[in-house]
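Below is one structure, written out as structure tokens; the observations come after it.
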Amino acid sequence: MEHAPLIDPFARPITYLRVSVTDRCDFRCTYCMAEHMQFLPKKELLSLEELDRLCSAFVGLGVKKLRITGGEPLVRRDILTFFRRISRHLDSGALDELTLTTNGSQLVRFADELAALGMRRINVSLDTLKPEKFAAITRWGRLDQVLEGIAAAKRAGLRVKINTVALKGFNEDELFDLIAWCEAEGHDLTFIEVMPMGDMGEELRLDQYWPLSDVRKAMAERFTLQETAETTGGPARYVRLQETGQRIGFITPLTHNFCESCNRVRVTCTGELFMCLGQEDVADLRAPLRASTDDTALIEAIRAAIARKPRGHDFDYSRAGVGGQMSRHMSHTGG
Ligand code: SAM
């Protein structure tokens, strides 16, 4: 590493970067996006070269894990070019892990190549195993396509973690089916508590709020839940199901149960660096990226921002609705 590592004011090394490479998506999940989204003009987005410079700068500053997300990252044109180039940091050993959060729709096309360039694990978002419900919640998605994508990922040797947003009255009745399917397929499974964002009306949101504490209670009716202190360095808390040996994760984005160990920051597809999920403080990295081909100013801007990383977050519901799209706001979902 060429530079001193990034350490925030609370002595937390920043080793995990999550980068959104596009605001576009081929699905319109009701809890995430409006059906008719106004997407950003291309010039606002970081180019693939700028994304490479930005990610590489973070790797040079000690980031060990890079998660690519969106929007839907695999719909960004030429995204494989980015993955191929950035994978040099895996080859050099500077980066421990390059990973992806995807809706799975494009995995049939991309799984083999992602595995070949050194990706080992991916997160795939999947809220239901029923085709009609899948079509309803994603508005534009087809379950078959996603299941085929997940199968392609498995065949390619990628370890798959399914991320399921827990939605009352929607996938409550599929809790055990999802667990059984993941067991049969050998996928990990994490539940995410729904955040009050996106296009859902206020009432629908409240209707669909299924606290993960209730998900656990429901699970405990059929399984013996063993508490585990295991962590993967992320926000999930885990239990083990004694009967099947499965590890099930829970992510509750609104609770402050992981700030102390927060090692992560995220960058939006326009180059805004967010230091914390629940705070609006943001640093513009696009300006220093575009001002010079030399990375000195970029690195300075990153360091200055990390020096402002807050101790923890205090999520404010009133801000959550603004802008609507989840991927612009959130850094902590398994996503
Ligand atoms: N398109 C990719 C995907 O589907 O995983 C990456 C972006 S998506 C915004 C990342 C994750 O955020 C997904 O697992 C999605 O289900 C989750 N998500 C979106 N809106 C959410 C909300 N309101 N509450 C909780 N999780 C949400």
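The values are calculated or read from the model by the stated rules, or taken from the named source; none is laboratory data. The shown structure was predicted, so the numbers you read here are calculated from the model rather than taken from an experiment. With ideal geometry, Cβ positions are generated from the backbone for all residues, glycine too; neighbour counts draw on all protein chains shown. With ligands, DNA and RNA removed, areas are computed over all heavy atoms of the protein, side chains included. Shrake-Rupley method; radii C 1.70, N 1.55, O 1.52, S 1.80 Å.
Miscellaneous remarks
- Across segment 119-143, the number of residues qualifying as part of a helix (DSSP H, G or I) and either within 15 Å of the chain's Cα centre (by Cα) or among the charged types (D, E, K, R) (or both) comes to 2.
- When segment 58-77 is filtered for residues that are of a type in the set (A, V, I, L, M) and not in a helix (DSSP H, G or I), the ones remaining, listed by number, are L61, V63, L66, I68.
- Scanning segment 288-304 for residues that are hydrophobic (A, V, I, L, M, F, W, C) and without any contact (Cβ under 8 Å) to a residue 40 or more places away in the chain, we see that the one that is least open to solvent (accessible area, probe 1.4 Å) is A301.
- Exactly one residue among L40, L98, L80 is outside any helix (DSSP H, G or I) and touching a Leu at 6+ places or on another chain (Cβ under 9 Å), and that residue is L98.
- Evaluation of E113 against the conditions (1) part of a loop (DSSP other than H, G, I, E, B); (2) of a type in the set (D, E, K, R); (3) open to solvent by 30 Å² or more (accessible area, probe 1.4 Å) shows that the sole unmet condition is (1).
- Test result for D91, touching a strand residue (DSSP E or B) at 6+ places or on another chain (Cβ under 8 Å), open to solvent by 20 Å² or more (accessible area, probe 1.4 Å) and modelled with pLDDT of 95 or more: no
- The listed residue being more than 16 Å from the ligand (Cβ to nearest atom) and either closer than 30 Å to D214 by Cβ or at pLDDT 95 or above (or both), out of D294, D281: D294
- Index of the failed condition, L90 passing every other in (1) closer than 22 Å to Y16 by Cα; (2) more than 19 Å from the chain's Cα centre (by Cα); (3) within 14 Å of the ligand (Cβ to nearest atom): (3)
- Scope segment 244-285; condition free of Cβ contacts under 8 Å to residues at least 40 places away in the same chain and surrounded by fewer than 19 Cβ atoms within 10 Å (Cβ to Cβ); matching residues: G245, T255, N257, E272, Q279, E280, D281, V282, D284
- The number of residues in segment 214-239 that are surrounded by fewer than 17 Cβ atoms within 10 Å (Cβ to Cβ) and at pLDDT below 95 comes to 7.
- Residues in segment 65-77 that are closer than 20 Å to R12 by Cβ and touching a Leu at 6+ places or on another chain (Cβ under 6 Å): 1 in all.
- Tally of residues being aliphatic (A, V, I, L, M), out of contact with any helix residue (DSSP H, G or I) (no Cβ under 9 Å at 6 or more places or on another chain) and more than 15 Å from the ligand (Cβ to nearest atom) across segment 108-153: 1
- Residue within segment 131-149 that is buried (at least 22 other Cβ atoms within 10 Å of the Cβ) and touching a Gly at 6+ places or on another chain (Cβ under 7 Å) present: yes
- Within segment 158-181, residues that are over 29 Å from R109 (Cβ atoms) and within 15 Å of the ligand (Cβ to nearest atom) reach no partner that is part of a strand (DSSP E or B) and among the polar types (S, T, N, Q) with beta carbons closer than 8 Å at six or more positions or on different chains.
- Condition met for S56 (out of contact with any strand residue (DSSP E or B) (no Cβ under 8 Å at 6 or more places or on another chain), open to solvent by 30 Å² or more (accessible area, probe 1.4 Å), hydroxyl-bearing (S, T, Y) and over 15 Å from T101 (Cβ atoms)): no
- Test result for A218, without any contact (Cβ under 8 Å) to a residue 40 or more places away in the chain and out of contact with any strand residue (DSSP E or B) (no Cβ under 8 Å at 6 or more places or on another chain): no
- Among the residues of segment 94-105, none is identified as within 16 Å of the ligand (Cβ to nearest atom) and surrounded by fewer than 17 Cβ atoms within 10 Å (Cβ to Cβ).
- Pairs, first among the charged types (D, E, K, R) in segment 132-144, second crowded, with 17+ Cβ neighbours inside 10 Å, C-beta under 6 Å, six or more apart: R139/R28
- Hits in segment 6-44 - residues which are open to solvent by 60 Å² or more (accessible area, probe 1.4 Å), within 16 Å of the ligand (Cβ to nearest atom) and farther than 24 Å from L66 by Cβ: E35
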